[in-house]
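To keep things clear, I will list the structure first and then write my remarks on it.
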Amino acid sequence: MYLTRLIYASTISDNISPSAIADILDSANKHNKLNDITGVLFFDQKYFLQCLEGSRFQVNETYNRLLQDNRHSDLVLLEFKDISVRAFPDWTMGFIPESVLSKAIHLKFSPRKNFNPYNLRSDSAYQMLLELKELLPE
Ligand code: FAD
């Protein structure tokens, strides 16, 4: 089974408070550990940008569950490709909240200062997540 990377953007639902993020991360970490999925989730209070890496089947299956989750909407697939090596092997789901440092990083890859993952090229989204990874605690 091939190793695959999936990157998507989504928008937090109106009725969901940012404090629900802890529930999302608990669920993500639990399922991802079981499924050998690794990745990162960036959240700026409005939008999510997430990368999942793992077996093609498990990544697909997880994305199908994500599509059903009404805590976010407007999921747009930015990238789905076979890869030879994981970029985030140490994180079942590394969480990166918006910060002064993350703002500086996303400006490098975005046409506008305000973060909008729907306007990112797929390669920019990936490169941006790689740089944001450096903000994760060891
Ligand atoms: P169940 O836990 O049985 O839940 C069924 C549905 O109920 C869910 O799909 C959701 O719509 C809803 N739900 C569940 N808990 C809550 C709650 N506390 N508040 C409101 N609604 C709720 N899952 C992963 O496995 N890996 C990930 O990396 C991952 N990342 C996520 C990133 C984001 C931005 C979001 C919003 C969700 C993420 N999830 C992730 C969660 C995923 O969508 C599913 O909820 C989770 O995988 C559990 O699936 P399940 O079928 O066991 O659902």
| query | Out of curiosity, is LEU77 away from the ligand (no atom under 13 Å from the Cβ) and part of a strand (DSSP E or B)? | reply | yes
| message | For the stretch 44-59, which positions are crowded, with 19+ Cβ neighbours inside 10 Å and either over 19 Å from TYR126 (Cβ atoms) or of a type in the set (Lys, Arg) (or both)? | response | GLN58
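Tell me which residues, restricted to the stretch 2-39, are without any contact (Cβ under 8 Å) to a residue 60 or more places away in the chain, part of a loop (DSSP other than H, G, I, E, B) and either touching a Lys or Arg at 6+ places or on another chain (Cβ under 6 Å) or surrounded by 15 or more Cβ atoms within 10 Å (Cβ to Cβ) (or both).
Of the stretch 2-39, the ones without any contact (Cβ under 8 Å) to a residue 60 or more places away in the chain are 14-20, 22-24, 26-27, 30-31, 33-39.
Those left that are additionally part of a loop (DSSP other than H, G, I, E, B): 14-17, 36-37.
Correct list: ILE16, ILE37.
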| message | When you scan the stretch 60-71, do you find a residue that is part of a strand (DSSP E or B), surrounded by fewer than 18 Cβ atoms within 10 Å (Cβ to Cβ) and of a type in the set (Phe, Trp, Tyr), even just one? | response | no
| field | Residue list for the stretch 104-138, restricted to those being under 16 Å from the mean Cα position of the chain (by Cα), in a helix (DSSP H, G or I) and of a type in the set (Lys, Arg) | value | LYS133
| note | Those residues of the stretch 96-138 which are among the acidic types (Asp, Glu), at pLDDT 90 or above and more than 21 Å from LEU77 (Cβ to Cβ) amount to GLU98, GLU131, GLU134
| request: Sort through PHE48, PHE57, PHE88 and tell me the only one that's of a type in the set (Phe, Trp, Tyr), in a strand (DSSP E or B) and at pLDDT 95 or above. | output: PHE48
| note | Restricting attention to the stretch 84-116, the residues that are among the aliphatic types (A, V, I, L, M) and exposed (fewer than 12 other Cβ atoms within 10 Å of the Cβ) number exactly 3
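The values are calculated or read from the model by the stated rules, or taken from the named source; none is laboratory data. Since we're looking at a predicted model, the values are computed, not measured. Note: ideal-geometry Cβ built from the backbone for every residue, glycine included; neighbour counts use all protein chains shown.
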